[in-house]
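K.L.:
Just dropping this structure here.
Here, each number is a calculation from the coordinates, and none is a lab measurement. What you see is a predicted model, and the numbers here were worked out from it, not measured in a lab. In this analysis, Cβ positions are derived from the backbone assuming ideal geometry, glycine residues included, and neighbour counts consider all displayed protein chains.
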Amino acid sequence: MVKSTARKQNFVSIDLGTSNTLVYISGQGVVYNEPSIIAYKIKENRIIAIGKEAYKMIGKGNKNIRVIKPMVDGVITDIRATEAQLKYIFKRLRLENFLKNSIMLLACPSVVTELEKQALIRIAKSVGAIEVFVEEEVKMAALGGGVNIYAPTGNLIIDMGGGTTDIAAIASGDIVLSKSIRVAGNYLNDECLKFLRSQYGLEIGSKTAESIKMNIGSLAKYVDERRMKVYGRDIVSGLPREVEITPEEVREVLKVPVSRIIDLTVQVLEETPPELAGDIFRNGITICGGGALIRGIDKYFADTLQLPAKIGEQPLLAVINGTKKYESEIWIKLKELHQHKPVTFF
């Protein structure tokens, strides 16, 4: 029998994002940051690629290969695939022994149900974790984005991920009020895809749509705007074709879905307690997630809502960076949990 205090255990945190999965290990940093995609060999039901390698197969697979996303729009669509993904990642990183009796923190979208949370906890324990904590991504994004969530003052966070946008008023270390909408990075990609089809009669794939958003997507005019050539299939003739689109066209496409995020932000502000609303008026809005990289999004929110708006620190890594900072809080919770009984391992 070996006795140990919780503080000697290994700490691991995972950002289970719709677009990317990230793994952080205390003392080592972020050891994994790749797309949340799995490629299966159908007949053998065997994983052949994961992350970046699987992403390359999107739209280019064959009848023997199935490419899936374990999470779609912030919802776990395949819990078995999620489990297989995590086990594959840990095996690839050779972390099986490291995970034994570890403390694990999972950051999940706010739309994840209680049943899904319990399933994720079971998965974490199946790979060796002895204690598992689940926190909302928007809370971790605020912490990682540079917001002092522990201060007794209100802050408004908008976390625009791949599947969902979470909006939360945070004060004194926790979420006071939050709302979520399934309008985020993937939704914006789909809007670009629909625009090319309706305006130019051109069928494009999701990867091309994402490239349009990333290369010329904006919500305000920017310096050195240039047209972009887009390749796809003509919906009438079925033949390959090329068109040129402008940043202005894409801007108008993106403004429509983003206006829905604006509307939800207004709802959160309307329901926020008056004292916190005053704080938010002074502190402004912090935008995190991949959506924060859209040119001019901070100015668009500031002009529309008449509130200060800024991009959080390292917006793409805000959630996983937040879990790093939250590690000390986890040890405090564990100490409180075990203060009357020592942790014993067999």
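K.L.:
If each residue of separation counts as 0.36 nm, what is the full-extension length gain between residue 233 and residue 259 once their alpha-carbon separation is subtracted?
P.N.:
Contour length minus Cα-Cα distance gives 6.3 nm.
K.L.:
Computed from the mean reciprocal separation of all distinct C-alpha pairs, what Kirkwood hydrodynamic radius does the range 26-95 have, in Å?
P.N.:
12.7
K.L.:
Mind checking the dipole of the chain: about its Cα centre, +1 per Lys or Arg Cβ, -1 per Asp or Glu Cβ, Debye to the nearest 20?
P.N.:
In total the dipole reaches around 1640 debye.
K.L.:
Starting with the highest mean, order 124-131, 39-46 by the number of other Cβ atoms within 10 Å, averaged over the residues of each peptide.
P.N.:
124-131, 39-46
K.L.:
Between the range 168-192 and the range 15-64, what is the C-alpha centre distance in whole Å?
P.N.:
24
K.L.:
If you count, for each residue, the other Cβ atoms within 10 Å and average over each peptide, how do 260-273, 164-177 line up from highest to lowest?
P.N.:
164-177, 260-273
K.L.:
Residues with amide H under 5 Å of residue 285's amide H, sequence separation 5 or more or different chain, H placed in the peptide plane at 1.01 Å from N; which?
P.N.:
Hits under the 5 Å cutoff: 309, 310.
K.L.:
Another question, then. Defining a contact as two alpha carbons under 8 Å apart and six or more residues distant in sequence, what relative contact order in percent does the range 185-252 show?
P.N.:
31 percent.
K.L.:
While we're looking at this one, here's another question. Karplus couplings for the range 257-263 from phi (6.51 cos²θ - 1.76 cosθ + 1.60, θ = phi - 60°), rounded to Hz, Gly and Pro as x?
P.N.:
Values, residue by residue: x, 5, 5, 5, 5, 4, 4 Hz.
K.L.:
Rounded to the nearest 10 degrees, what's the angle between the helix 114-126 long axis and the longest principal axis of the chain, both from Cα atoms, 0 to 90?
P.N.:
Helix 114-126 and the main axis of the chain meet at about 60 degrees.
K.L.:
So, one more: What's the angle, to the nearest 10 degrees (0 to 90), between helix 274-283's Cα axis and the longest principal axis of the chain?
P.N.:
Approximately 70 degrees, to the nearest 10.
K.L.:
If packing is taken as the mean number of other Cβ atoms within 10 Å per residue, what is the order of 156-163, 133-140, 325-332, highest first?
P.N.:
156-163, 133-140, 325-332
K.L.:
Counting alpha carbon pairs within less than 8 Å and at least 6 residues apart, what relative contact order, in whole percent, applies to the chain?
P.N.:
19
K.L.:
Let me ask something else. Please rank 26, 237, 259, fewest neighbouring Cβ atoms within 10 Å first, as an exposure proxy.
P.N.:
237, 259, 26
K.L.:
Related question: Taking Cα atoms, how many degrees apart are the long axis of helix 206-216 and the longest axis of the chain, rounded to 10 and kept between 0 and 90?
P.N.:
Taking Cα atoms only, the helix is inclined about 80 degrees.
K.L.:
If each residue's Cβ is checked for other Cβ atoms within 10 Å, how do 108, 288, 192 rank with the fewest at the top?
P.N.:
108, 192, 288
K.L.:
Share of antiparallel DSSP beta bridges in the chain, in percent to the nearest 5?
P.N.:
Close to 70 percent.
K.L.:
Taking 0.36 nm per residue of sequence separation and subtracting the Cα-Cα distance, how much length would be gained by fully extending the chain between residue 225 and residue 150, in nm to one decimal?
P.N.:
Gain in length upon complete extension: 22.9 nm.
K.L.:
Something else about it: Take residue 277 and residue 327, extend 7 Å from each Cα along the Cα→Cβ direction, and tell me the distance between the two endpoints in nm.
P.N.:
Output for this residue pair reads 4.1 nm.
K.L.:
Which distance in nm do the two modelled labels at residue 72 and residue 299 give, with both placed 7 Å along the Cα-to-Cβ direction?
P.N.:
Roughly 3.7 nm, to one decimal.
K.L.:
To the nearest 20 Debye, how big is the dipole of the range 185-252 about its Cα centre, given +1 on the beta carbon of each Lys and Arg and -1 on that of each Asp and Glu?
P.N.:
Roughly 120 debye, rounded to the nearest 20.
K.L.:
Working from the pairwise distances between different alpha carbons, so that the mean of 1/r is found and then inverted, what is the range 185-252's Kirkwood radius in Å?
P.N.:
The Cα-based Kirkwood calculation yields 12.0 Å.
K.L.:
With a Förster radius of 35 Å, plug the Cβ-Cβ distance of residue 174 and residue 52 into 1/(1 + (r/R0)^6) and report the FRET value to the nearest 0.05.
P.N.:
0.50
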